[in-house]
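Below is one structure, written out as structure tokens, with a few remarks after it.
Bear in mind that the values in this text are calculations on the coordinates, not laboratory data. Owing to the predicted nature of the structure, the values given are computational and were not obtained by experimental measurement. With ideal geometry, Cβ positions are generated from the backbone for all residues, glycine too; neighbour counts draw on all protein chains shown.
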Amino acid sequence: MSAPNAPEAPESPAPAEFPEDRRALRSRLLGLRAALPAREAADARIEAALLQLLDRLAVHCLGFYWPIQQEFDARGAVTRWLAEAPGRQAALPAVSRPGAPLDFHLWTPQAPMATGHYGIPVPDGTEAAAPDALIIPCVGFSPDKFRLGYGGGFYDRTLAAMPQAPVAIGVGYEACRIALQAQAHDLPMDWIVTEAGAF
């Protein structure tokens, strides 16, 4: 699916600017993200672009993530999205065990939370959910919408295992747009949202 009048994606850096090793690349991008200037303004533009995209998509249940390591915090956007129409649901992921796809459980701003694997908060005792769209954090991403994550493969496994493929929406920052060689298990995002818009 393509966006009408979507802005053109900026050109990506030449591959030679980045090390081939994904660990080194990930470390470099995490440092870059942590030091980004004008984050408040960039985050406001990401939220606006994300909400505009969600308005165009017929999403009933939206999966997203609890922010860690200076990721874009989608909770405000998801809270606004939930409030704009009745019947919408949001869900957060939980790790049941290493190597398994993520489980999703319903979330609202008032949901009780517990500490899950890796110290990340997860809904405590809410119903399981099957999102039809996922907001997925990107450490880095390529012009052809492949993402670089933290290396655990959770989202690739989850997308591959879901019987009904959700709309995959990667969220990142333009400074982390890179030339990335996709690996065999990598799955592209349907959309990438940055402070420059939705692509």
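General observations
- Isotropic mean projected area of the C-alpha convex hull, segment 42-139 (nm²): 6.5 nm²
- Highest-MSF residue in the chain out of Thr79, Thr158, Thr115 [GNM, Cα springs under 10 Å]: Thr115
- Burial ranking of peptide ranges 138-150, 32-44 (average Cβ count within 10 Å, highest at the top): 138-150, 32-44
- Ratio of the Cα radius of gyration of segment 110-199 to 2.2 N^0.38 Å, where N counts its residues: 1.18
- Among His185, His105, His60, residue whose mean-square fluctuation peaks in a GNM of the chain (springs only between Cα atoms under 10 Å): His185
- Considering segment 139-189 at the alpha-carbon level, its Rg and Dmax are found to be 10.9, 34 Å.
- Label selected from (1) 25, 20, 16; (2) 34, 18, 16; (3) 29, 23, 13, the criterion being semi-axes √(5λ) of the Cα gyration tensor in Å as computed here: (1)
- Averaging the Cα positions of each part gives two centres, and for segment 66-97 and segment 127-199 these lie 15 Å apart.
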